[in-house]
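Report on the structure given below.
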């Protein structure tokens, strides 16, 4: 599948912007390349920020073409700190979104079973559906 180069929002993915100019086809290697790029930029952004005092930091997990960023909090958080995280007001999140605008539309979720942390998940397929919808591209 090919996409025409269309107007993209100011906070568009640098990878997507460049990819649309190449005329390449959205195949599995392209999807993997996009997920690799998102993961790389996310690691770079997180390595340059200081999330204290609210969080100890962020951790990143990768599974296929999905990248997930988890909060890494102290053992005890105040109710106010928990509410702030639940609302998505994560420390230095603006800097992360500038570096990785793909996370702009991600939802905040909470994992109460395994890691007991908040997280945001980005997936290539979800992003492609959003792009198709926003730009009127139908298959």
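Considering (1) under 15 Å from the mean Cα position of the chain (by Cα); (2) under 17 Å from residue 11 (Cβ atoms); (3) exposed (fewer than 15 other Cβ atoms within 10 Å of the Cβ), say which one residue 60 fails and leave the rest.
Failing condition for residue 60: (2).
Got a number for residues in the stretch 117-133 being part of a helix (DSSP H, G or I) and either closer than 21 Å to residue 53 by Cβ or touching a residue at least 40 places away in the same chain (Cβ under 8 Å) (or both)?
Qualifying residue count, the stretch 117-133: 5.
Can you go through 51, 22 and tell me which one is buried (at least 17 other Cβ atoms within 10 Å of the Cβ) and over 15 Å from residue 102 (Cα atoms)?
Sole residue among the options that is buried (at least 17 other Cβ atoms within 10 Å of the Cβ) and over 15 Å from residue 102 (Cα atoms): 51.
Give the stretch 91-139 a look and list any residue that's out of contact with any strand residue (DSSP E or B) (no Cβ under 7 Å at 6 or more places or on another chain), within 23 Å of residue 76 (Cβ to Cβ) and exposed (fewer than 14 other Cβ atoms within 10 Å of the Cβ), or say none.
Result: 112, 113, 114, 116.
Name the one entry in 114, 12 that is without any contact (Cβ under 8 Å) to a residue 40 or more places away in the chain and in a loop (DSSP other than H, G, I, E, B).
Values: 12 fails: without any contact (Cβ under 8 Å) to a residue 40 or more places away in the chain.
Of the residues listed, the single one that is without any contact (Cβ under 8 Å) to a residue 40 or more places away in the chain and in a loop (DSSP other than H, G, I, E, B) is 114.
Rule-based calculations on the coordinates, nothing more; no lab input. In this text the structure is predicted, and so the values were computed from the model without any measurement. Here the Cβ is made from the backbone with ideal geometry for all residues, glycine too, and neighbour counts use every protein chain on show.
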